[in-house]
Amino acid sequence: MRELLTITKALADEQRVRMLVALRRQELCVCQIVELVGLATSTVSKHMSILKQARLVESRKDGRWIYYRLPCDEAPELVQQAMRWVFEHLGNDPTVLRDEQKLDEICKLDPQALCAARGRDCGRGKQRRADGCR
């Protein structure tokens with residue numbers, strides 16, 4: 001029951017759901033997520049921490065950069081079911097569609113330049129596939 005409650009609490013916030021859905025396509029650094037949702041870096045980090053605690057996302061650190069991605073196929077079945085449910089029901093949501101368009105533009109930008117433009121030093125690194133699996 002605890003796992004279910006953790007997942008449902010994590011999904012009970014619109015911004016967290018937007019962040020989760022954005023990771024469907026690829027791994028994103030914090031700066032890219034900040035640019036997408038328009039929240040402070042600290043707020044995004046807190047939201048991502050809640051998603052990570054629910055095992056809905058995984059992270060990796062590359063220097064000073066933190067990248068988030070969806071969990072690999074080894075994620076618990078309940079996590080996989082929750083993500084399928086979210087993705088199925090929000091596929092045509094106007095907010096999700098706007099976010100996808102905005103994310104297209106954000107992903108054209110160099111993450112390092114994006115961070116520098118916002119006055120942050122996020123480090124350097126390359127993006128990986130959304131599943132992050134090797």
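Which value, in debye to the nearest 20, describes the size of the charge dipole of the chain about its Cα centre when Lys and Arg Cβ atoms bear +1, Asp and Glu Cβ atoms bear -1, and nothing else is charged?
Numbers: 24 positive and 19 negative charges, 97 e Å.
In debye, rounded to 20, the chain gives about 460.
Calculate the FRET efficiency for Leu5 and Asp62 from the Cβ-Cβ distance with a Förster distance of 25 Å, rounded to the nearest 0.05. Present the calculation step by step, with values, prior to reporting the outcome.
Details: r = 32 Å, r/R0 = 1.29.
With R0 = 25 Å, the Cβ-Cβ based efficiency is 0.20.
Between Asp62 and residues 5 or more places away or on another chain, which pairs have amide H atoms under 5 Å apart, with H built 1.01 Å from N, and which residues are they?
Tyr67
Can you show me the helix-derived [θ] at 222 nm for the chain, built from DSSP H runs with n ≥ 4 at -39,500 (n - 2.57) apiece and divided by the number of residues, rounded to the nearest 500. List each step's numbers first, then the result.
Numbers: 7 runs with 74 residues, N = 134.
When only DSSP H runs of four or more count, the value is -16500 deg cm²/dmol.
Taking a probe of 1.4 Å, how large is the accessible area per residue of the chain, in Å²?
Working: 7740 Å² over 134 residues.
On a per-residue basis, 58 Å².
With θ taken as phi - 60° and the coefficients 6.51, -1.76 and 1.60, list the Karplus ³J(HN,Hα) couplings across the range 49-56 in order, rounded to whole Hz; mark glycine and proline as x.
Karplus-based 3J(HN,Hα) across the range 49-56 equals 4, 5, 5, 5, 4, 7, 6, 7 Hz.
Can you give me the pair-distance distribution of the range 21-100, C-alpha pairs, 5 Å bins, whole percents?
3, 14, 24, 26, 21, 10, 2, 0
Counting only protein heavy atoms and using a 1.4 Å probe, what share of the accessible area of the chain belongs to carbon plus sulfur, as a whole percent?
Numbers: 3850 of 7740 Å².
Accessible surface attributable to carbon and sulfur in the chain totals 50 percent.
For the range 15-30, in order, what is each residue's ³J(HN,Hα) by Karplus, 6.51 cos²θ - 1.76 cosθ + 1.60 with θ = phi - 60°, in whole Hz (x at glycine and Pro)?
Ordered by residue, 3J(HN,Hα) equals 5, 5, 5, 4, 5, 4, 5, 4, 7, 4, 7, 6, 5, 10, 7, 4 Hz.
Gaussian network model of the chain, Cα springs within a sub-10 Å range: biggest mean-square fluctuation belongs to which of Lys46, Lys61, Lys108?
Judging by the Gaussian network model, the answer is Lys108.
The values are calculated or read from the model by the stated rules, or taken from the named source; none is laboratory data. A quick note: this is a predicted structure, and the numbers were derived from the prediction, not measured. Backbone-built Cβ (ideal geometry, glycine too); neighbour counts: all protein chains shown. The accessibility values were calculated without ligands, DNA or RNA, using every heavy atom of the protein model including side chains. Shrake-Rupley method; radii C 1.70, N 1.55, O 1.52, S 1.80 Å.
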